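Visitor: Can you keep this structure in mind? I'll have questions shortly.
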C-alpha cells in the first residue's frame with residue numbers, strides 16, 4: 001500500500017463520496033483526507049476497522065501480561081491448576 005496515492009483533499013471526498021465508499025467496500029486501501037493541507041482523518045472499510053480494533057485489544061492484553069510478569073504478579077501453571085482443583089476459585 002502506497003500512502004501517497006491514498007491522500008486526498010476534503011473536496012475530493014465531497015465530490016466522490018459514493019465512489020470512495022464503493023472502493024473501500026471492495027477491500028480498497030484506507031483513504032487519508034486532508035483539510036488545509038494537513039491530514040485530518042482516515043477512512044477505511046468496516047472489516048479493516050474491526051480487525052484493527054481486535055488487534056489493538058490483543059496487543060493491550062499482551063502488554064498487560066508482560067507488565068504483570070515484570071511486576072512478579074504471576075502464578076505457575078501447576079499452582080494455578082492445583083488451586084482450581086482444590087476449589088479455591090480465582091487464581
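The values are calculated or read from the model by the stated rules, or taken from the named source; none is laboratory data. Note that the coordinates shown come from a computational prediction; the quantities given were computed from them, not determined experimentally. Glycine also receives a Cβ, built like all others from the backbone with ideal geometry; neighbour counts cover every protein chain displayed.
Visitor: Scan the range 1-37 residue by residue and report those that are in a strand (DSSP E or B) and surrounded by 15 or more Cβ atoms within 10 Å (Cβ to Cβ).
Guide: Within the range 1-37, 8, 31, 32, 33, 34 meet the criteria.
Visitor: Sort through 64, 58, 84, 24 and tell me the only one that's in contact with a helix residue (DSSP H, G or I) (Cβ under 9 Å, 6 or more places away or on another chain) and either more than 26 Å from residue 7 (Cβ to Cβ) or without any contact (Cβ under 8 Å) to a residue 60 or more places away in the chain (or both). Talk me through it step by step, then tell me what you get.
Guide: Numbers: 64 fails: in contact with a helix residue (DSSP H, G or I) (Cβ under 9 Å, 6 or more places away or on another chain); 58 fails: in contact with a helix residue (DSSP H, G or I) (Cβ under 9 Å, 6 or more places away or on another chain); 84 fails: in contact with a helix residue (DSSP H, G or I) (Cβ under 9 Å, 6 or more places away or on another chain).
When all the criteria are applied, what remains is 24.
Visitor: Assuming residue 58 fulfils every condition listed in (1) in a helix (DSSP H, G or I); (2) loosely packed, with under 11 Cβ neighbours inside 10 Å; (3) modelled with pLDDT under 95 apart from one, which condition is it?
Guide: For residue 58, the exception is condition (3).
Visitor: Another question, if that's okay. Testing residue 40 on (1) assigned to a helix (DSSP H, G or I); (2) touching a strand residue (DSSP E or B) at 6+ places or on another chain (Cβ under 7 Å), one condition comes back false. Which one is that?
Guide: Only one criterion is unmet by residue 40, namely (1).
Visitor: Still on this structure: Given the criteria loosely packed, with under 11 Cβ neighbours inside 10 Å and modelled with pLDDT under 95, does residue 87 qualify? Spell out how you get there, then give the answer.
Guide: Details: loosely packed, with under 11 Cβ neighbours inside 10 Å: yes; modelled with pLDDT under 95: yes.
The answer is yes for residue 87.
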